[in-house]
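Please read the structure below before turning to the comments.
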């Protein structure tokens with residue numbers, strides 16, 4: 001009971017070769033999903049229902065430049081936004097006295113970052129060095145409502161943040 005779901009997503013990729021040593025690429029991804037949280041028979045009879053909505057959008061861009069034969073510089077900034085909402089709801093005061101409070105959880109995250117790499121190909125080896133990093137900010141809201149419709153029990157807000165920064169080196173060797 002109460003277990004419907006649906007979703008849609010799309011992806012776009014555009015590549016433009018500006019001049020022989022340079023190219024530009026851009027990508028975009030968008031996804032949206034909806035789920036009903038299944039009910040027990042008692043919850044269904046009392047009119048309680050909960051849903052989960054999830055949305056994500058990502059944008060990325062890459063600039064690729066050939067510095068000289070065998071040397072490739074790539075700069076790729078990106079941004080990624082996520083939102084996930086859990087919404088508990090009862091249209092009428094609960095007929096079930098032992099029914100717990102109705103939970104709600106709204107969570108937003110934003111990631112912004114980039115990758116920079118230099119790849120060198122000189123047979124029989126390929127080498128790359130670079131850096132990757134991002135910063136993340138978020139917003140979390142968790143109100144809890146009484147199941148009898150009389151208002152909030154409690155509400156929490158948080159704004160977590162963080163980030164990551166890495167350096168990398170890679171070496172590949174192949175025999176022919």
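What follows is calculated from the coordinates using simple rules that are stated; it is not laboratory data. Remember, it's a predicted structure, so these values are computed and weren't measured experimentally. Glycine gets a Cβ as well: all are built from the backbone with ideal geometry, and neighbour counts include every protein chain shown.
The value for region 1-131 of Rg(Cα) / (2.2 N^0.38 Å) is 1.72. Here the calculated FRET efficiency for residue 29 and residue 68, from their Cβ-Cβ distance with R0 = 25 Å, stands at 0.15, rounded to the nearest 0.05.
Result for the chain in a Gaussian network model with C-alpha springs under 10 Å: among 83, 127, 33, the largest mean-square fluctuation is at 127. Pick from 81, 71, 63 the residue whose mean-square fluctuation is largest in a GNM of the chain, springs joining Cα atoms under 10 Å. Judging by the Gaussian network model, the answer is 71. Segment residue 52..residue 79, full-extension length gain: 7.4 nm, with 0.36 nm per residue of separation and the alpha-carbon distance subtracted. Note on residue 169 and residue 40: the model spin-label points, each 7 Å out from Cα along the C-beta direction, lie 6.0 nm apart.
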